[in-house]
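Take a look at the structure below.
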Amino acid sequence: MRREIFLSLILALGTVGLGFGQVVFGKYSEVELGLETVPFQPDATVVTLWEEANSYFVINGLSTDYHYRFKVLDDNHENFGDILIPYYRGKYNTEDISKIQAQVSYIENGGRKTFVLTKSEIKEVNLGGGEFQYVLVFPHVKKGSILELKYRKLDQEYGILEGWAFQKKYPALFSKYSFKAPDFFQYQMIMQGKQVAEAAEISERKNQYSWLRKDIPSLPNEPFVGNLLDYQERVDGYLFSSQYVSSNQLENSEIVYSSWSQLANTWLQVPDMNSYFIQSPESIPDYPTLKLDSLTKIEQAKKIYHFVANEIKYLESSWIEPIYPLDVLLKKKEGNSFDKNLLFLHLLRRSGFEANLVLINERYRGRTQLIPVPFINQFHTCLVQLNLEGNQFLVDASDPNIPFGMLPVEKVRDRGFVLEFDMGRLEDLTYAHRSGSIQMVRFEKLSDGSMGFKSQIKFLDQEALAMSQYQKGIKDTVELLKDDQRFDRFDISNLSSLDQLESQRSFSIFFDAKLEEPKDELLYLTPFAFSKFFENPFVQNDRVLPVEFNYPFFENINASIPIPQGFELEDYPESVSITNPSKTIRFNFLINKVEDELKISSRLEFSTSAVPVSEYGDLKVLMETVSAKLKSPVILKKTTP
């Protein structure tokens with residue numbers, strides 16, 4: 001959104017800034033030059049010697065000076081050296097990057113040399129949708145090299161600060177963040193981590209802030225980690241009041257919004273947004289005609305959805321508003337998620353449906369929890385909330401490959417901002433799904449006469465969506481299993497798939513798994529080898545971060561083992577049922593022997609998507625039992641003729 005009021009407001013402020021202090025670009029201390037290992041993280045291959053962000057207001061926005069200095073400590077096996085500076089230009093030059101300086105100090109023939117990057121090594125790339133990035137390609141990156149860069153970023157959106165993470169991929173010796181606001185702006189700073197709070201230096205007026213952290217370890221590399229922004233040591237902030245706006249003018253302010261309703265009204269009146277609510281079909285030559293009269297309400301909604309999803313090309317964009325007004329969108333037949341979902345909303349309302357636009361913060365692009373104050377730029381994308389026959393649907397018309405009523409995992413959120421005139425509000429969102437997999441395994445003679453398993457794995461809901469999307473990105477069904485180590489243990493044949501995502505929210509794969517010939521008269525069968533948890537992924541003794549999955553899920557495996565002629569049942573595992581103390585994880589392993597057939601069922605269910613660190617020990621013990629049971633073989637023995 002344009003902020004016409006910003007210029008006159010900042011003219012009263014003038015340009016202020018804070019110096020970088022003792023660290024001079026291109027000047028390295030003897031300690032930095034001689035550093036070979038990081039004392040508090042000896043296995044580090046790269047270390048941040050110094051990093052700093054200094055934010056202050058200038059006439060045309062919020063300016064931040066960045067300064068980074070890295071040192072390579074090994075032979076650069078990770079190919080460290082290409083550094084990206086992303087920024088969002090958008091419609092109104094929202095962000096801009098300038099004053100880039102970069103150099104590398106490296107060792108050659110026993111001495112240090114310096115290479116200064118020029119335009120040949122600094123390239124600007126247009127990513128589309130208003131997204132840009134500078135790519136800095138550092139040469140001479142090897143053991144002992146010091147890479148350094150500085151740049152300035154200008155941001156016209158100052159309601160929510162970009163913030164600063166002290167804890168990143170590499171350990172840091174020093175990390176500094178400073179922020180200075182004018183006296184008439186009051187910001188609320190959010191400090192994550194005890195040591196960050198202890199390091200804070202805050203002026204008496206609470207408009208100048210500074211943090212200097214030392215000896216910061218890198219983020220832990222653990223499996224099943226959620227949004228790292230929720231756990232790293234960091235500082236964020238948002239504008240919550242201004243002396244420039246008196247209390248009786250809050251409802252008319254374009255700087256500080258007093259309520260979600262006021263923010264919704266303001267946003268809905270943005271001209272391009274408003275076009276989807278006020279333009280009439282008679283004024284648009286390319287307005288679509290959809291025949292809906294003979295259809296049920298759910299069929300009508302689905303037809304409108306398929307029209308928008310398939311007929312309007314999706315453009316990647318970080319804009320939190322449409323690229324085009326309604327008439328231009330219908331002419332160009334392309335747009336971002338706001339264009340497409342606003343068109344979907346428009347057509348629904350024209351057909352008598354009750355629906356609203358909902359703004360959400362996309363997973364992994366910001367904090368998981370929304371800041372409970374009315375600021376628009378904490379959101380990234382949108383959905384349509386549709387009330388239909390007593391049920392509420394959350395629908396995203398952006399991707400034609402996603403069926404009506406299903407959402408990509410990054411858009412499954414707990415809360416959203418409902419854009420409804422005079423009733424804008426934060427609201428809990430409910431997205432019903434039952435995600436998991438059901439596998440049927442039967443031991444029998446295969447078509448070539450060998451012994452093996454005939455298997456079907458049926459994926460449901462979010463698991464099915466993930467498999468369906470993956471299949472659409474590959475050329476051959478065989479590639480479905482290429483990166484899956486579970487299938488390396490067998491000779492796989494007759495692989496096929498069935499995509500029923502649209503009709504049943506399922507995706508199935510079928511295959512035969514050939515077994516090796518019996519050894520020493522014994523045949524070992526492991527019918528659960530295709531479980532995700534055949535190998536226990538939780539082998540660490542301790543855990544730093546909570547275990548997080550994308551969503552609650554279950555895994556069912558039903559195995560049928562008829563005892564073939566010439567064999568007898570020698571041994572098989574026992575039944576077991578276990579759960580963790582908090583009752584959020586359950587495992588049932590049941591044996592049923594019927595005449596000449598052994599039937600085994602396994603069900604593992606996570607009713608939660610997150611396991612706190614305090615319960616990691618219980619999870620580890622339970623999953624050790626799960627893995628041991630799934631690995632327990634059924635043993636058949638050849639009988640004497």
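The values are calculated or read from the model by the stated rules, or taken from the named source; none is laboratory data. These numbers were taken from a predicted model, which means no experiment stands behind them. Cβ sites come from the backbone with ideal geometry, for glycine too, and all protein chains shown count toward neighbours. Keep in mind that these areas ignore ligands, DNA and RNA; they rest on the heavy atoms of the full protein, side chains included. Shrake-Rupley method; radii C 1.70, N 1.55, O 1.52, S 1.80 Å.
Basic side chains Lys and Arg get +1 at the Cβ, acidic Asp and Glu get -1 at the Cβ, and with that the dipole of the chain about its Cα centre reaches some 780 debye.
Evaluated with a Cβ-only charge set (Lys, Arg +1; Asp, Glu -1), region 483-627 carries a dipole of roughly 700 debye about its Cα centre, given to the nearest 20. Protection proxy ranking, highest mean first, for peptides 557-565, 338-346: 338-346, 557-565, where packing is the per-residue count of other beta-carbon atoms within 10 Å, averaged.
Regarding region 102-173, what is the average projected area of its C-alpha convex hull, in nm²? Present the calculation step by step, with values, prior to reporting the outcome.
Details: hull surface 28.9 nm².
Computed as one quarter of the Cα hull surface, the answer is 7.2 nm².
For the chain, the residue among ASN377, PRO564, VAL116 whose Cα projects farthest onto the positive side of the dipole built from Cβ charges is VAL116.
With the charge dipole of the chain set up from +1 on Lys and Arg Cβ and -1 on Asp and Glu Cβ about the Cα centre, the Cα lying farthest toward the positive end among the listed residues LEU290, GLY237, TYR431 is that of GLY237. Treating the Cα atoms of the chain as identical point scatterers in vacuum, please give the log10 of the normalised Debye intensity I(q)/I(0) at q = 0.06, 0.09, 0.12 Å⁻¹, two decimals. Log-scaled intensity ratios, in q order: -0.45, -0.96, -1.36. Binning the alpha carbon pair distances of region 396-458 at 5 angstrom intervals from zero yields the distribution 4, 12, 13, 14, 12, 9, 7, 8, 8, 5, 3, 3, 2, 1, 0, expressed in whole percent. Rg and Dmax over the alpha-carbon atoms of region 205-362 stand at 21.8, 69 Å.
If you bin all the Cα-Cα distances of region 345-462 at 5 Å, starting from zero, the percentages per bin are 2, 9, 16, 18, 15, 10, 7, 5, 5, 4, 4, 3, 1, 0, 0. Using only the alpha-carbon atoms, how far is helix 337-350 inclined from the longest principal axis of the chain? Give it as 0 to 90 degrees, nearest 10. In the chain, helix 337-350 runs at an angle near 80 degrees to the longest axis. With bins 10 Å wide beginning at 0, the percent of Cα pairs of region 273-409 falling in each bin runs 12, 43, 35, 9, 1.
Can you tell me which of 204-216, 137-149 comes out highest on packing, and rank the rest after it, using the mean Cβ neighbours within 10 Å?
Details: 204-216: 16.0, 137-149: 18.8.
Ranking, from highest mean packing down: 137-149, 204-216.
For the chain, the longest principal axis of the alpha carbon atoms and the long axis of helix 462-472 meet at an angle near 90°.
Pairs to check: LYS445/LYS599; LYS458/LYS583; LYS91/LYS176; LYS532/LYS620; LYS445/LYS593. Give those whose C-alpha atoms are more than 22 Å from each other in this structure. Distance filter (> 22 Å) returns LYS458/LYS583; LYS91/LYS176. Of the accessible area of the chain, with the probe set at 1.4 angstrom, what percent is carbon plus sulfur? Of the solvent-accessible surface of the chain, carbon and sulfur hold 48 percent.
For GLU410 and PHE534, what does the FRET efficiency come to when R0 = 22 Å and r is the distance between their Cβ atoms, rounded to the nearest 0.05? Each step should come with its number before you reach the end.
Numbers: r = 28 Å, r/R0 = 1.27.
Efficiency at R0 = 22 Å is approximately 0.20.
Can you work out the accessible area per residue across the chain, with the rest of the protein chains kept in place, probe 1.4 Å, in square angstrom? Please list the in-between numbers first.
Working: 30370 Å² over 641 residues.
For the chain, the solvent-accessible area averages 47 Å² per residue.
State, to one decimal in nm², a quarter of the convex hull surface area for the C-alpha atoms of region 23-99, i.e. the direction-averaged projected area. Working shown, then result.
Numbers: hull surface 29.0 nm².
Over every viewing direction, the Cα hull of region 23-99 projects on average to 7.3 nm².
Taking every pair of alpha-carbon atoms in region 555-608, give the share separated by more than 17 Å as a whole percent. Please list the in-between numbers first.
Numbers: 647 of 1431 pairs.
More than 17 Å apart: 45 percent of the Cα pairs in region 555-608.
Within region 525-641, the ratio Rg/Rh, alpha carbon atoms throughout and Rh by Kirkwood, equals 1.07.
Using a 10 Å cut-off on Cβ atoms, rank the peptides 494-502, 224-232, 52-60 from the highest mean neighbour count down.
On the way: 494-502: 14.2, 224-232: 16.7, 52-60: 18.8.
Top to bottom by mean Cβ count within 10 Å: 52-60, 224-232, 494-502.
Which values of log₁₀ I(q)/I(0), to two decimal places, follow from the Debye formula for region 69-125 at q = 0.14, 0.30 Å⁻¹ with a uniform point scatterer at every Cα? So the normalised log intensities are -0.56, -1.37. Net length available on complete extension from THR45 to ASP183 is 45.3 nm, with 0.36 nm assigned per residue and the Cα-Cα distance removed. Positive end of the dipole of the chain (Cβ unit charges, origin at the Cα centre): among VAL594, SER210, PHE510, the Cα lying farthest that way belongs to SER210.
Using a 1.4 angstrom probe on the protein heavy atoms only, could you order THR579, THR94 from most to least accessible area? Walk me through the numbers on the way to the answer.
Numbers: THR579 50, THR94 20 Å².
Ranking THR579, THR94 by accessible area, largest first, yields THR579, THR94.
Modelled this way, with points 7 Å down the Cα-to-C-beta line, the labels at VAL613 and ASN558 are 4.2 nm from one another.
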